[in-house]
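Since the structure comes first, as structure tokens, the remarks are kept for the end.
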């Protein structure tokens, strides 16, 4: 073997690689276990509207164990995403002793079903996701109300935008939209008028019936001395009015 330089070179290469790997492993363990390089600062990159610093600090308590290399960033993310107003969190290490948080808050666009806890509301965010958070009574009342079977919030949000655009030209806007268990649509306008849209029909879709009502609204409803209490659009070729009182 000693007369074979190629074999000796190969063995030397193997020994060198093994030694380097061992040194790297020892160095990694040392870095992970060393008391130096603790996390000294947590930086929130994104501006926050609803989330408070005290809530972040409370969520992080107990999740910043270890040092820069060993801190469990996944545990930090999970802890923060348990907070009511937090939708999504990204966590990054910033050398040598910082964590960077990018927090996406829920943006409420509607009220959903109110929960039993006083002052705690089920809300719909801009993605059509239902979440639970605290709002003042004034803030809650400024949002439209939505009702519907479980899992239908995205459909109601989409329909709300569609109906809002259709009613806009005649000065109306929906303040409440509901979908019954039988999938019948009903909305209430900002003037208090209730509009029964009913279920989807192949020959007369909901949007078509509402658009037809909007087209004749100025000359048949909007010019009345008193607006009707309710409008029933469930007919394929017309609608019915119910007067107030």
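For region 41-105, what is the Kirkwood estimate of the hydrodynamic radius, computed as the reciprocal of the mean inverse distance between distinct Cα atoms, to one decimal in Å?
On the way: mean 1/r = 0.0845 Å⁻¹.
Roughly 11.8 Å, rounded to one decimal.
Can you sort 208, 166 by how many other beta carbons sit within 10 Å, fewest first? Don't jump to the answer; show the numbers that get you there.
Details: 208 13, 166 16.
Fewest-to-most ranking of 208, 166: 208, 166.
Under 16 Å from a point placed 7 Å out from the Cα of residue 166 along the Cα-to-Cβ direction: which residues of region 209-245 have their backbone N that close?
Under cut-off, by backbone N: 209-218, 231-240.
With all pairs of different alpha carbon atoms counted, what Kirkwood hydrodynamic radius in Å does region 144-242 show? All intermediate terms of the calculation are to be shown ahead of the outcome.
Numbers: mean 1/r = 0.0735 Å⁻¹.
Computed over Cα pairs of region 144-242, the Kirkwood hydrodynamic radius comes out at 13.6 Å.
Using a cut-off of under 16 Å, list every residue of region 79-111 whose amide N is near the label point 7 Å from the Cα of residue 65 along the Cα-to-beta-carbon line.
79
Calculate how many DSSP beta bridges within region 41-105 are antiparallel, expressed in % of all such bridges and rounded to the nearest 5. Display every interim value, and only then the final one.
Working: 8 of 12 bridges.
In region 41-105, approximately 65 percent of DSSP beta bridges are antiparallel ones.
Considering all alpha-carbon pairs of region 100-207, what whole percent are spaced by more than 18 angstrom?
Working: 2990 of 5778 pairs.
Here the long-distance tail beyond 18 Å is 52 percent of all Cα pairs in region 100-207.
State the volume of the convex hull built on the alpha-carbon positions of region 148-201, expressed per residue in Å³ and rounded to an integer.
On the way: hull volume 4.1 nm³, N = 54.
About 77 Å³ per residue, rounded to a whole number.
Of the DSSP beta bridges with both residues in region 144-245, give the percent that are antiparallel, rounding to the nearest 5.
Details: 12 of 18 bridges.
Approximately 65 percent, going by the DSSP bridge assignments.
Which distance in nm do the two modelled labels at residue 45 and residue 147 give, with both placed 7 Å along the Cα-to-Cβ direction?
Result for the modelled spin labels: 4.3 nm.
None of the figures in this text is laboratory data; all of them are computed from the coordinates on show. Quantities reported herein were computed from a predicted structural model and do not represent experimental measurements. No Cβ is skipped: glycine too gets one built from the backbone with ideal geometry, and neighbour counts run over all protein chains shown.
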